[in-house]
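Working notes, structure below.
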Amino acid sequence: MLAGSAAAWAGPAAQRVPGANARVRVAGCGVRKRGWHHVRQFSGLPGVEVAALCEVYENVLNGGLQDVEKLGLPKPKTYIDVRRLMADKFIDAVSIATPTSWHALIAIWACQAGKDV
Ligand SMILES: NC(=O)c1ccc[n+]([C@@H]2O[C@H](COP(=O)([O-])OP(=O)(O)OC[C@H]3O[C@@H](n4cnc5c(N)ncnc54)[C@H](O)[C@@H]3O)[C@@H](O)[C@H]2O)c1
């Protein structure tokens, strides 16, 4: 837990990170073109785990899972309904690459669920 002024600028997920060795568990929301780019970029960051994929189109979701496997990463959880993803306390942060009309709603739900966006 961060104290004093540090807590003022750190987002909710940062406040849950207990130390430098902790991992930030990110969920990719919408994992086709831009979303897959997000997943790949996050997977290369130290201290970050792509812990879930959320995608309404099942073929795209399954393709994303296979692509994660090809990268040699741990198998992420999968969600079709973004509201179920929000209820997952295991997820610290959400990366949004759905069509634009969904961005605000998913961002608001994620913030309400205490996740970084
Ligand atoms: N493609 C690019 O090069 C690019 C570059 C910069 C920004 N963007 C932005 O990224 C966003 C996504 O673009 P894209 O080209 O990847 O689009 P896309 O249509 O290829 O992918 C969007 C994916 O989101 C999924 N989706 C839709 N609603 C969803 C929901 N409620 N929950 C989970 N998944 C959902 C769709 O099934 C689809 O697979 C857009 O806002 C776009 O403007 C795209």
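Mind listing whichever residues of the stretch 74-108 are of a type outside the set (V, I, T), out of contact with any Gly (no Cβ under 6 Å at 6 or more places or on another chain) and surrounded by 15 or more Cβ atoms within 10 Å (Cβ to Cβ)? Across the stretch 74-108, the qualifying residues are P76, K77, Y79, L85, M86, D88, D92, A93, W102, H103, A107.
Output the number of residues of the stretch 56-66 satisfying the condition of being within 18 Å of T98 (Cα to Cα) and away from the ligand (no atom under 13 Å from the Cβ). Number of matching residues: 1. In the stretch 97-108, the residues that are within 12 Å of C29 (Cα to Cα) reach residues that are of a type in the set (V, I, T) and near the ligand (Cβ under 6 Å from one of its atoms) with C-beta atoms within less than 7 angstrom, at least six apart or across chains, in these pairs: I106/V82; I106/T98. When we screen C111, C29 for residues that are in contact with a Cys (Cβ under 9 Å, 6 or more places away or on another chain) and at pLDDT 95 or above, the only hit is C29. For the stretch 41-55, a residue qualifies if it is more than 8 Å from the ligand (Cβ to nearest atom), touching a helix residue (DSSP H, G or I) at 6+ places or on another chain (Cβ under 8 Å) and not in a strand (DSSP E or B), and exactly one does: S43.
If you go through the stretch 72-96 and keep only what is more than 13 Å from V31 (Cβ to Cβ), of a type in the set (D, E, K, R) and away from the ligand (no atom under 13 Å from the Cβ), you end up with K75, D88, K89, D92.
The values are calculated or read from the model by the stated rules, or taken from the named source; none is laboratory data. Remember, it's a predicted structure, so these values are computed and weren't measured experimentally. Counting neighbours? That spans all protein chains shown, and the Cβs are built from the backbone with ideal geometry, glycine included.
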